[in-house]
1. With (1) more than 16 Å from the ligand (Cβ to nearest atom); (2) surrounded by fewer than 17 Cβ atoms within 10 Å (Cβ to Cβ); (3) under 25 Å from ALA63 (Cα atoms) as the list, and SER207 as the residue in question, which single condition is left unmet?
2. Residues of segment 1-17 being more than 9 Å from the ligand (Cβ to nearest atom) and either in contact (Cβ under 8 Å) with a residue 40 or more places away in the chain or touching a Phe, Trp or Tyr at 6+ places or on another chain (Cβ under 6 Å) (or both), which ones?
3. Go through (1) over 27 Å from ARG42 (Cβ atoms); (2) among the aromatic types (Phe, Trp, Tyr); (3) not in a strand (DSSP E or B) for PHE201 and report which single condition fails.
4. With segment 34-150 as the region, which helices (runs of 4 or more DSSP H) entirely inside it contain at least 2 residues that are within 16 Å of the ligand (Cβ to nearest atom) and modelled with pLDDT of 95 or more?
5. Could you count how many residues in segment 156-178 are within 26 Å of PRO17 (Cβ to Cβ) and within 12 Å of the chain's Cα centre (by Cα)?
6. Against the conditions (1) in a helix (DSSP H, G or I); (2) farther than 21 Å from LYS123 by Cβ; (3) not basic (Lys, Arg), where does ASP12 fall short? Just the number, please.
7. With respect to THR217, is the statement that it is under 22 Å from PHE73 (Cβ atoms) and surrounded by fewer than 17 Cβ atoms within 10 Å (Cβ to Cβ) true?
8. For segment 187-195, indicate whether the set of residues that are loosely packed, with under 15 Cβ neighbours inside 10 Å and part of a helix (DSSP H, G or I) is non-empty.
Amino acid sequence: PDIAALDAALVDCRACPRLVEWRERVAREKRRAFADQTYWGRPVPGLGPHDARLIIVGLAPAAHGANRTGRMFTGDRSGDVLFAALHAVGVANQPTAVSADDGLELRGVRITAPVHCAPPDNKPTTAERDECGHWLDRELTLLAPTARAVVTLGGFGWQAALTALRGHGYAIPVPRPKFGHGAFVDLQAAPGHDVPDLRVFGCYHVSQQNTFTGRLTPAMLEDVLSTAVEFAGL
Ligand code: SF4
């Protein structure tokens, strides 16, 4: 199995009835501004090279962003902020991402999510997170040979990443380290496991709730990303 095969299988997943109904309804009804476009309306696979050294774990696709364009964080305000920052720290070839064929390339970074289908109100349930967890697990397995750092965007991604990494043989400190902007945790192999050291960074999510209010500024985002990029050896 490789990541291309994983992504090809993922886009056919229909395991979560509520999310299947929602992603397809949004794709049918559309937002007026995108009425002439064909929405993707399916699970959105990870974006970026298959030998990434840095993995960014978000939350879930946006209804009229990735659920429309079929590419993570592409075509919405959250993505505008994220790709501008990735470009600023030198790992994206352009600062914008508007469609799946816009020429965007990431260097050494793969962006994925704990939930691959757009949820109502951007809020997946814990049952949906658990259902989708095996996709993240398998993606992390395939990225494990090269991955050295993870940036989680928001507490949901932080929890999902730590849970998945525990399943990959990492010792997760108890009590579990708390999510925060600028928080990080260094993970090492649990006894009996052979996995390379990995640092997990916390960063506020690039949602409009955070960026419009100034809770997350471009400088704060670039700060975490540049630290993680450097740590990952990119
Ligand atoms: Fe499948 Fe994940 Fe989408 Fe649920 S959220 S239908 S598990 S891809």
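1. Just one mismatch for SER207, condition (2).
2. The answer is PRO1, ASP2, ILE3, ALA4, LEU6.
3. So PHE201 meets the others, but not (3).
4. Working: elements: 66-69, 77-88, 126-143.
So the answer is 66-69, 126-143.
5. Qualifying residue count for the region: 4.
6. Of the numbered conditions (1) in a helix (DSSP H, G or I); (2) farther than 21 Å from LYS123 by Cβ; (3) not basic (Lys, Arg), the odd one out for ASP12 is (1).
7. Yes: the conditions hold for THR217.
8. Looking for residues that are loosely packed, with under 15 Cβ neighbours inside 10 Å and part of a helix (DSSP H, G or I), one finds none in segment 187-195, hence no.
The values are calculated or read from the model by the stated rules, or taken from the named source; none is laboratory data. The shown structure was predicted, so the numbers you read here are calculated from the model rather than taken from an experiment. Cβ coordinates were reconstructed from backbone atoms using ideal geometry, including for glycine residues, and neighbour counts include every protein chain displayed.
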